[in-house]
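Enquirer: Quick one: structure below, then a few questions.
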Amino acid sequence: MAALTEARRLEMLRLLTERRGELLFDISHAKIALGRLERELIEIEDAMQDLQAEDKRKGDD
């Protein structure tokens, strides 16, 4: 394989650096979305437990 010219090497480095930045940005947004989904899941599980406890109390009457 022929050696890359200095200009081509620098251009590839610039493109890879740009892509790396884009990926880091996307990852940070995905982490935020994941946190929101996890909080929603906790809220749903809490509501389910409340309903199950209410059902149990009614069954004990």
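Any read-out appearing in this document is the output of simple, stated calculations on the displayed coordinates, not a laboratory observation. Since this is a predicted model, take the numbers as computed values, not measurements. So basically every Cβ, Gly included, is an ideal-geometry build from the backbone, and we count neighbours across all protein chains shown.
Enquirer: Using a basic spin-label model with each label point 7 Å from the Cα along Cα→Cβ, how many nm lie between Arg57 and Leu16?
Expert: 6.2
Enquirer: OK, next. Where does helix 6-60 land angle-wise versus the long Cα axis of the chain, in degrees 0 to 90, nearest 10?
Expert: 0
Enquirer: Something else now. What size of dipole, in debye to the nearest 20, comes out for the chain about its Cα centre when the only charges are +1 on Lys and Arg C-beta atoms and -1 on Asp and Glu C-beta atoms?
Expert: Using Cβ point charges on Lys, Arg, Asp and Glu, the chain gives about 720 debye.
Enquirer: Equivalent-ellipsoid semi-axes (√(5λ), Cα gyration tensor) for the range 3-61, whole Å, largest first?
Expert: For the range 3-61, the semi-axes come out at 56, 7, 4 Å.
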